[in-house]
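The values are calculated or read from the model by the stated rules, or taken from the named source; none is laboratory data. Quantities reported herein were computed from a predicted structural model and do not represent experimental measurements. Ideal geometry is used to build each Cβ from the backbone, glycine not excepted, and the neighbour counts take in all protein chains shown.
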Amino acid sequence: MAAPVFDNLLFTIENNVATITFNRPAAANGLTVELSNDLMHAAIHCDENPDIRAVIVTGAGKFFCAGGDLKSMAGFGDTIGAKLKEMTGYLHLAISRFSRMDAPLIIAVNGMAAGAGMSFVATGDIVLAAEGAAFTMAYTGAGLSPDGSSTYFLPRLIGTLRTKELMLTNRRLSAEEALEWGLLSRIVPADDLMDQATKLATQLARGPLMAHGQVKSLLHASATNSLETQMELEARAIAAQGVGPEGQEGIAAFLEKRKPTFVNT
């Protein structure tokens, strides 16, 4: 499947890795209805294209994403309620597709992540941040409330009290604080951010896609399941993998003392 073309995103596919770049640098990559719609379709493509086995999301310019574009919102006038429902609908569907797809999602935070930008960071399976990146919720500073799944993912990552502090005070976190709090996987030099993200994504893309998907599904389910329910899901997942081509290849490779080849399984 060919890479789609968008007005507000850059989208490339290379070595089974899709790279999505928020591409409104003059507007700090702020989210509009149109960008959110593009992101939804990009996520659906990543979920549907069998050639995509890992995904990177980053931003063009100095910002990762400054959240909702308030200038755009001001232009909604009396339709602002309906327009915000439309915009969050696109954004939330994108996050759902990224979260439920088998391919791992790597977030490469190149600069400030504010509002929905910070919300989106919390959805990543692996999050790399450039030195100098910063994070703030920002919503209540504009008289708004959080969206973009932040009220779901952030408490699970950093705890409810810290999440309340961020959402109520709009405190800015440095990359070092975000790492200490558990929002990031690691910090890398700014000049190496995309090289390291691409190297990691390429490594993951060579791995067992369905097993990666099982990891994501099991961890999503664990937040609300009982111990016994979760263990039953684990048993069913590992059994399905064991009889499937990935498990068969992995076991055979171990016995034959060679590296497994998962891309064509």
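For this structure, a couple of remarks:
- In the set Q248, Q241, Q230, only one residue is under 23 Å from A205 (Cα atoms), out of contact with any Gly (no Cβ under 7 Å at 6 or more places or on another chain), not assigned by TED's automatic domain parsing to the domain that holds D102 and not aliphatic (A, V, I, L, M); that residue is Q248.
Residue-wise test of (1) more than 14 Å from W181 (Cβ to Cβ); (2) at pLDDT below 95; (3) in contact with a strand residue (DSSP E or B) (Cβ under 6 Å, 6 or more places away or on another chain).
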position	(1), (2), (3)
G117	yes, no, yes
T123	yes, no, no
I126	yes, no, yes
A130	yes, no, no
S149	yes, no, no
F153	no, no, no
L161	no, no, no
L166	no, no, no
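- The set of residues from the range 144-170 being surrounded by fewer than 16 Cβ atoms within 10 Å (Cβ to Cβ) and of a type in the set (D, E) comprises just one member, E165.
- Residues that are hydrophobic (A, V, I, L, M, F, W, C), closer than 15 Å to F98 by Cα and surrounded by 18 or more Cβ atoms within 10 Å (Cβ to Cβ), drawn from the range 23-62: L39, M40, A42, A43, C46, I52, A54, V55, I56, V57
- No other residue among G89, G67, G81 is crowded, with 24+ Cβ neighbours inside 10 Å and within 18 Å of Y139 (Cβ to Cβ) apart from G67.
- The residue of the range 90-105 that is nearest to M40 (Cα to Cα), among those that are in a helix (DSSP H, G or I) and within 11 Å of the chain's Cα centre (by Cα), is A94.
- Residue match in the range 58-81 (condition: outside any helix (DSSP H, G or I) and under 10 Å from the mean Cα position of the chain (by Cα)): yes
- Of the candidates T21, T79, the single residue that is closer than 18 Å to M194 by Cβ and out of contact with any helix residue (DSSP H, G or I) (no Cβ under 7 Å at 6 or more places or on another chain) is T21.
- Checking each residue in the range 157-185 for being touching a residue at least 40 places away in the same chain (Cβ under 8 Å) and touching a Phe, Trp or Tyr at 6+ places or on another chain (Cβ under 6 Å) picks out only A178.
- Boolean, P189 is in the same structural domain as I158 (by TED's automatic domain parsing), surrounded by fewer than 16 Cβ atoms within 10 Å (Cβ to Cβ), farther than 30 Å from T140 by Cα and in contact (Cβ under 8 Å) with a residue 12 or more places away in the chain: yes
- The residues of the range 33-57 that are within 14 Å of T21 (Cβ to Cβ) and either more than 15 Å from the chain's Cα centre (by Cα) or of a type in the set (D, E, K, R) (or both), listed by number, are L35, D38.
- Taken as a whole, the range 108-120 holds at least one residue that is in the same structural domain as D69 (by TED's automatic domain parsing), crowded, with 23+ Cβ neighbours inside 10 Å, closer than 30 Å to K259 by Cα and under 18 Å from the mean Cα position of the chain (by Cα).
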